[in-house]
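Remarks on the structure that follows.
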Amino acid sequence: MPENAPSFAGTQDYVSDPRNETVLISVDGRLVPRAEAKVSVFDSGFVLGDGVWEGLRLAGRRIVFLDRHLDRLRDGAKMLRIDIGLTRAALEARLFDVIEANGMTDGVHIRLMVTRGVKRSPYQDPRLTAGAATIVIIPEWKRPRPEMFARGARLFTVHIRRTGPAEQDQKLNSHSKLNCVLACIQATEAGADEALMLDERGFVATCNSTHFFIVRKGEVWTSAGGYCLGGITRGAVLEAARRAGVPAFEKDFSLFDVYGADEAFTTGTFAGLVPVASVDGRTIGEPGGAPGDRSGPLTRRLRAAVEALGAEDARGRAS
């Protein structure tokens, strides 16, 4: 690891919470302690990365953008021809069962994972699946580390490219994330927090675990979307910006545009809008005016707008 490597694990790092050591996890509807939560070595997700997943955020006893996440999970499962085996209402009930069993109300990140299920033999053919889909729900008390907002993320443009729909459609939120893992490794070895990834034409696509936005002359830009996941927070930023009268565009742009940006930020379900301090060693913008937050003025404005939109869109358990 280079000497200038960050002292924490990038945009996805979190404040440690001892309660997570004994958290209950839902494995096919059974609530089991973390240390006992297991799936078969023949499971499709383990053998092949054959599955889809969602990251969810619990705030004020409600899951933010739950319907949007479940829509994306459904679309991914349909593309892979995975039968989730539960109605939408039953899947929601399972989510809230494990949340309530852990006494969770706020500051929680949830990983919902669905794989094709256990194989009769470790081979890719879906016809060798022996039973129903495997559904695992891991809820953890997680809050992003404040250092990332105070310092801002450092990005590094990697040589690993995002594939297009002709290879593996990036809108599919599959368990297989090897191109993102390789990108993350390269960025980490360069001393950065996150990888900035280009598409096959050389335009900016996304980051390895988050989406990427720049601000130029009062406009908000993100990639055209053909080479990145259909991000829930990404979509919320675009919606919130347009509601607020901020010009927001999905378009092709290059590193030339990035290096000269007034502001930049990443987006994700876990940490929301995280300011970007530099890309490939070029400083982006100026430190923001809020204590402990490097975000520029438009980034801060959009963060508040997205939080308000999320509060409108959050779903709790039906009474």
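Our coupling estimate for segment 67-84, obtained by passing each phi through the Karplus curve with A = 6.51, B = -1.76, C = 1.60 and θ = phi - 60°, is 4, 5, 5, 5, 4, 5, 4, 4, 5, x, 5, 5, 4, 7, 6, 9, 8, 4 Hz, Gly and Pro reported as x. Peptides 302-309, 231-238 ordered by packing proxy, namely the average of other Cβ atoms within 10 Å per residue, highest first: 231-238, 302-309. The stretch between Gln124 and Leu178 holds 17.7 nm of extra length on full extension. This uses 0.36 nm per residue minus the Cα-Cα distance. Is the shape of segment 19-141 best called rounded, prolate or oblate, per the rule: a/c under 1.5 gives rounded, else a/b larger than b/c gives prolate, else oblate, with a ≥ b ≥ c the square roots of the Cα gyration tensor eigenvalues? Verdict is oblate for segment 19-141. Of the GluC sites (Glu not before Pro) found in segment 169-213, those in coil by DSSP whose Cβ has at most 14 other Cβ atoms within 10 Å are Glu200. For the peptides 257-263, 221-227, 164-170, 206-212, residues were scored by their other Cβ atoms within 10 Å and the scores averaged per peptide; the highest-first order is 206-212, 221-227, 257-263, 164-170. State whether segment 108-158 is rounded, prolate or oblate according to the following rule on the C-alpha gyration tensor (a ≥ b ≥ c being the square roots of its eigenvalues): a/c under 1.5 gives rounded; otherwise a/b larger than b/c gives prolate, and the remaining case gives oblate. It comes out oblate by the Cα gyration axes. As a length-normalised measure over Cα pairs under 8 Å and 6 or more apart, the relative contact order of segment 19-141 settles at 37 percent. The Cα center of segment 137-180 and the Cα center of segment 201-278 differ in position by 14 Å. Annotation: amide H-H contacts under 5 Å for Glu194 (H modelled 1.01 Å from N, sequence separation of 5 or more, or interchain): Arg154, Phe156. Karplus-based coupling profile of segment 127-134, in residue order and whole Hz: 6, 8, 6, 8, x, 6, 4, 8, with θ = phi - 60° in 6.51 cos²θ - 1.76 cosθ + 1.60 and x standing for Gly or Pro.
Helix 297-313 and the long axis of the chain differ in direction by around 30°, with both axes built from C-alpha atoms. Give me log10 I(q)/I(0) at q = 0.08, 0.10, 0.12 Å⁻¹ for the chain, Debye formula, one equal scatterer per alpha-carbon, no solvent. At q = 0.08, 0.10, 0.12 Å⁻¹ the computed log10 ratios are -0.37, -0.58, -0.85.
Remind me, relative contact order of the chain in percent, using alpha carbon pairs under 8 angstrom and six or more residues apart? Walk me through the numbers on the way to the answer.
On the way: 677 pairs, mean separation 64.7, N = 319.
Relative contact order, the chain: 20 percent.
Scalar couplings 3J(HN,Hα) for segment 231-238, obtained by applying the Karplus form with A = 6.51, B = -1.76, C = 1.60 to θ = phi - 60°, are x, 5, 5, 4, x, 5, 4, 4 Hz; x denotes Gly and Pro.
Taking other residues whose beta carbon is less than 12 angstrom from the beta carbon of Thr266, and scoring Lys, Arg as +1 and Asp, Glu as -1, yields 0.
Restricting to the chain, what percent of DSSP beta bridges are antiparallel, rounded to 5? Could the numbers behind the result be given before it?
Details: 47 of 56 bridges.
So the antiparallel bridges amount to about 85 percent of the total.
Against the longest principal axis of the chain, how steep is helix 88-101, in degrees 0 to 90 to the nearest 10, with axes from Cα atoms? For helix 88-101, the angle is close to 80 degrees. Between helix 178-189 and the chain there is an angle of about 50 degrees, using the helix long axis and the longest principal axis of the Cα atoms.
Residues Val15, Val204, Val220, ranked from the fewest to the most other C-beta atoms within 10 Å, line up as Val15, Val220, Val204. Summarising the amide proton neighbourhood of Phe249: residues at separation of 5 or more, or on other chains, whose placed amide H is nearer than 5 Å comprise Val220, Trp221, Thr222.
The numbers here are math on the coordinates, done by the rules we state, and not lab data. Quick caveat: nothing in here was measured; it's all calculated off a predicted structure. A quick note on method: Cβ atoms are made from the backbone with ideal geometry, for glycine too, and the neighbour counts reach across all protein chains shown.
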